[in-house]
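A short write-up of the structure that comes next.
The values are calculated or read from the model by the stated rules, or taken from the named source; none is laboratory data. Nothing here was measured: the structure is a model prediction, and the numbers come from that model. So basically every Cβ, Gly included, is an ideal-geometry build from the backbone, and we count neighbours across all protein chains shown. SASA here: full protein model, heavy atoms, side chains in, ligands and nucleic acids out. Shrake-Rupley method; radii C 1.70, N 1.55, O 1.52, S 1.80 Å.
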Amino acid sequence: MSDSRKTGRVDMPRQPASVRVRNFDEVALGYSEEDARREAGRCIQCKNPLCVQGCPVDIDIPRFILQIREGDEAGAAATLKLKNSLPAVCGRVCPQEEQCEKLCILGKKGQPVAIGRLERYAADRETAAGQGSRPGPAGSRPAVTRPSMASPTGRSVAVIGAGPSGLAAAGELAKLGHRVTVFEALHKPGGVLVYGIPEFRLPKAIVEQECDFIRSLGVEIRCNYVIGRSGTVDELLRTGFDAVFVGTGAGLPYFMNIPGENLNGVYSSNEFLTRVNLMKAYRFPEYDTPVHVGRNVAVIGGGNVAMDAARCSLRLGAETVHLVYRRGREQLPAREEEIENAFEEGVRPVFLTVPVEILGDENGWVKGLECIRMELGEPDASGRQKPVPVAGSNHILEADTVIMAIGQGPNPLLTLTTPDLKLNKWGYIVADEATGQTSKKGVFAGGDIVTGAATVILAMGAGKKAAMAIHKYLQQDRP
Amino acid sequence: MPQLNEIIRKTSLAPGIVRFDLHCPDIASHAKPGQFVVVRRDEVAERIPLTIADFDAAAGTIVLIIQEAGLSTKKLCGLERGERVTDVLGPLGQPSEIENYGTVVCVGGGVGAAPMYPITKALKAAGNRVHSILGARSKDLLILEEETRRVSDELHVCTDDGSSGTRGFVSGKLAELIASGVKIDRVWAIGPGVMMRAVCDVTRPGGIPTVVSLNTLMVDGTGMCGGCRITVGGKVKFVCVDGPEFDGHQVEFGELLKRSRMYADRESRADRDHACRLGLKT
Ligand SMILES: Cc1cc2nc3c(=O)[nH]c(=O)nc-3n(C[C@H](O)[C@H](O)[C@H](O)COP(=O)(O)OP(=O)(O)OC[C@H]3O[C@@H](n4cnc5c(N)ncnc54)[C@H](O)[C@@H]3O)c2cc1C
Ligand SMILES: Cc1cc2nc3c(=O)[nH]c(=O)nc-3n(C[C@H](O)[C@H](O)[C@H](O)COP(=O)(O)OP(=O)(O)OC[C@H]3O[C@@H](n4cnc5c(N)ncnc54)[C@H](O)[C@@H]3O)c2cc1C
Ligand code: SF4
Ligand code: SF4
Ligand code: FES
């Protein structure tokens, strides 16, 4: 055991790059039982585990790892679910190197314990046990661990948005005995997990299985219902809901406001990824929704969203995919694992570069990008070096598809129709960090609509905290 | 009791134009003239926008009038009474600004007569003197003539081939009306992009305020994808949330027309494949 501690973490098998760029199947294949036990054996079971401080939802990490080592996979899953209702998701998409694994003591001298991979392993094994077959998400049934349910309270809560924050809030509230209805604008629940993050990173069957689990707790999920149009927050409060949780995310796409952005072939990352993932354009014409991917794709941005768009483009047959980012390799905000995967698959980075105009042909289609080079100057308020343009560095990058992945903001549909909801200057809802309480009585909020685009685990954590606060509120505010 | 999104009536209005009465009580009780829904016929279908051509809150029904344009609309029109549309989301978009403007002209071209109808009805109810102009390629493609007549003070019909009403385009009829000295306070125009552009060209010299309803491509219809964006008055607008109605004199129609052709090739491929699967073409 001590040997493996020194030799570094156990690798997780992946599809080879040359194979996976031809399909949308999951890239990372997960640990075998032997791999998992070996990796679990590397954890030295710290008395004062630093890793837990790095996890936004305080999972008892050494405990679940010990359970894996001892072969108690159901126990490991139960430990995870105590704090995290979506371990199969978080094990796959958490930026672990910034969170739990960053603080793991083994990381001081060598490689940290692969906490995320182990989390994924425990969650997948539980699912597999639930359906009595091999591990793996395909066609999975609801998980086996049934949480204890409080007796019905007779109170009703409306949850708006079925992303990670809304689903987490709904699950907690249902366990506490409240009647919960989730209102979701799209035709499928999951938020970014279904429309944004591609199948090859997070199989949709896993999200479906988590939604089924939430439904099995008695939660009703009503899709095709957009609050702000099909109804309003005030209407919900008037028509029998005692409290409302708003988890509508940061779904408004930003553009750069440069000339040529409305040419054909220019997408927001939201549109591109929604067509590909939610509408399954990658299976066109079996599915009716088309997506246009040319030979030369330029993706603008450097976060998870940009990586996902770039990797989808490659899989859809683009010959070259350039990732145009205004800072350098070290500053890329995406998850490290996905940056490596993307470059291995053939995504070509163009660092320290910013487009200033998108050039079109006579039919209104994109034909190229005029860019300028940047150099890193003084550190800005966030401590990151600010990119500054290099005079006279204009040059042309050939492209027939451009995907803008420069960030998202808050969608104003709900907030415009709820005038007494206080917003900050960017349009995000102002809410108490510990409780999610907003300026409006009985209305709580959490996830990206409060913090701005963040992470799945933070959104879930916010949903859970708000659920506890709503529970308290409902106990005090008896009619 | 009908199920949610069930087709409780299907009527053929003209060759390739179908009317559905759908059971959508929540949408019917929130809808206002000028708004639309996004529908997905089945699990593999696209999401497409369609105007709420009429609604009855008490009965819980909305009316959609659909013209077969390509794959999605053809498949949708193939549904029968008693079947369900898998997803219907709405009402979406900003409602029309209905006021008593004085004298208004409502121009509906082709299937644009459908979205025009509830607005015409509301403008009439608000006390306006309403001239309606309906246009179609030929007599058999003319829809909602009687319904529109009932809510208009005057109805003018034009067809491209002269098989009904005057021969010519709706924009020509409108120009005649203006030339005849009728004082017009506002014009509404709904139809194909080229038609709306022609109407705006007619009303621009006299500065007659002209409202158009833009029919861009859409995916979500909630402001999330940006696929429906269009330049209006030099600013980028999302048609699904900022519109669909805009000041026609500010709209970049050239951009609108180009953007709506973005998938022309791919769509026809899906259409062809679909026809092959059904054994319609080889
Ligand atoms: C492409 C992409 C990749 C990402 N990759 C990662 C990653 O690898 N790791 C990670 O941790 N994070 C990642 N993120 C970020 C993460 O997904 C988000 O931080 C998280 O999903 C936020 O959750 P949420 O519940 O606040 O909102 P969302 O997931 O955005 O869900 C909000 C839901 O509310 C619905 N909604 C919005 N308005 C209304 C309304 N008015 N009425 C009804 N419903 C409404 C929306 O349709 C949506 O389903 C990624 C994000 C994107 C876009
Ligand atoms: C707000 C709004 C309201 C609408 N209301 C109605 C309605 O009440 N009844 C109705 O029949 N249609 C309506 N439309 C148009 C309808 O959504 C499209 O006809 C439909 O999406 C076409 O899908 P398809 O797959 O059948 O055809 P496609 O295969 O997508 O298109 C067939 C041909 O039509 C062109 N085309 C596609 N969409 C448009 C468009 N929006 N404008 C111009 N050309 C287009 C394509 O480029 C192609 O050449 C509305 C559109 C919007 C945005
Ligand atoms: S939820 Fe995320 S941060 Fe917490 S232990 Fe799991 S992978 Fe680490
Ligand atoms: S810090 Fe690392 S070694 Fe220590 S308990 Fe956590 S995972 Fe195990
Ligand atoms: S249709 Fe997606 S933003 Fe309008």
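The simple Förster model, with R0 at 51 Å and r as the Cβ-Cβ distance, assigns A:K441 and B:R167 a FRET efficiency of 0.20.
On the principal axes of its alpha carbon atoms, the stretch B:103-260 extends 41, 33, 29 Å, with the longest extent given first. Figure note: A:R22, A:R311 ranked by solvent-accessible area, largest first, 1.4 Å probe, ligands and nucleic acids not counted: A:R22, A:R311. Between B:K139 and A:S393, the modelled labels are 7.0 nm apart [label points 7 Å from Cα along Cα→Cβ]. Taking the Cα centre of each part, how many Å lie between the stretch A:339-385 and the stretch B:124-159? Between the Cα centres of the stretch A:339-385 and the stretch B:124-159 lies a distance of 53 Å.
Once a ≥ b ≥ c are taken as the square roots of the eigenvalues of the Cα gyration tensor of the stretch A:401-470, is the result rounded (a/c under 1.5), prolate (a/b larger than b/c) or oblate (a/b not larger than b/c)? Judged from the Cα gyration tensor, the stretch A:401-470 comes out oblate (a/c at least 1.5, b/c at or above a/b).
Look at the alpha carbon pairs under 8 Å that are at least 6 residues apart: their mean separation over the length of chain B gives a relative contact order of 15 percent.
Farthest toward the positive end of the dipole of the stretch A:20-73, out of A:S32, A:G54, A:Q67, is the Cα of A:G54, where the dipole comes from beta carbon charges about the Cα centre.
Rounded to the nearest 500, the 222 nm mean residue ellipticity of chain B from helices alone is -8000 deg cm²/dmol, with -39,500 (n - 2.57) taken per DSSP H run of at least 4 residues. Charged side chains reduced to their Cβ positions (Lys and Arg at +1, Asp and Glu at -1) give the stretch A:346-479 a dipole of some 900 debye around its Cα centre. Positive contributions from Lys and Arg (+1) and negative ones from Asp and Glu (-1), summed over other residues with Cβ under 12 Å from the Cβ of B:Y117, come out at +1.
Legend: residues A:T401, A:T239, B:T11, sorted from most to least accessible area (1.4 Å probe; ligands, DNA and RNA excluded), read A:T239, B:T11, A:T401. With R₀ fixed at 51 Å, the C-beta to C-beta distance from A:D72 to B:D247 puts the FRET efficiency at about 0.15.
Of all lysines in the structure, the ones whose alpha carbon falls short of 18 Å from that of A:K188, not counting any fewer than 8 places away in one chain, are A:K204, A:K280. For the stretch A:260-376, the Cα gyration tensor yields ellipsoid semi-axes of 23, 19, 11 Å (square root of five times each eigenvalue, largest first, whole Å). The calculated Kirkwood hydrodynamic radius for chain B is 19.2 Å, given to one decimal from all distinct C-alpha pairs.
Distance from the Cα centroid of the stretch A:42-119 to that of the stretch A:221-293 is 33 Å (rounded to whole angstrom).
Sorted largest first, the spans of the alpha carbon positions of the protein assembly as shown along the three principal axes are 95, 69, 57 Å. The spacing between the stretch A:436-470 and the stretch A:146-197, judged by their C-alpha centroids, is 13 Å. With helices as the sole contributors, chain A gives -9500 deg cm²/dmol at 222 nm; each DSSP H run of n ≥ 4 counts as -39500 (n - 2.57), and the sum is divided by every residue. Each DSSP beta bridge with both residues in the protein assembly as shown is either parallel or antiparallel, and the antiparallel ones are about 50%.
Distant-in-sequence amide contacts of A:K386, defined by a placed amide H-H separation under 5 Å and a gap of 5 or more residues or a different chain, comprise A:G377, A:E378, A:D380. Which distance in nm do the two modelled labels at B:K183 and B:E97 give, with both placed 7 Å along the Cα-to-Cβ direction? For the pair B:K183/B:E97, the computed spacing is 2.1 nm.
For chain B, the residue among B:G34, B:C228, B:I8 whose Cα projects farthest onto the positive side of the dipole built from Cβ charges is B:C228. Placing a pseudo-label 7 Å from each Cα along the Cα-to-Cβ vector at B:I8 and A:K472 gives an inter-label distance of 4.7 nm.
Packing here is the average count of other Cβ atoms within 10 Å per residue, and on that basis the peptides A:345-354, A:443-452, highest first, run A:443-452, A:345-354. Using Cβ point charges alone (K and R +1, D and E -1), the dipole size of the stretch B:1-160 about the Cα centre works out to roughly 120 debye. Taking 0.36 nm per residue of sequence separation and removing the Cα-Cα distance, the A:E220/A:K425 pair yields an extension gain of 70.4 nm.
When the C-alpha to C-alpha distance is required to be over 18 Å, the pairs from B:K32/B:K74; B:K237/B:K258; A:K81/A:K108 that qualify are B:K32/B:K74; A:K81/A:K108. The alpha-carbon atoms of the stretch B:7-92, seen along their principal axes, cover 31, 25, 24 angstrom, with the largest extent given first.
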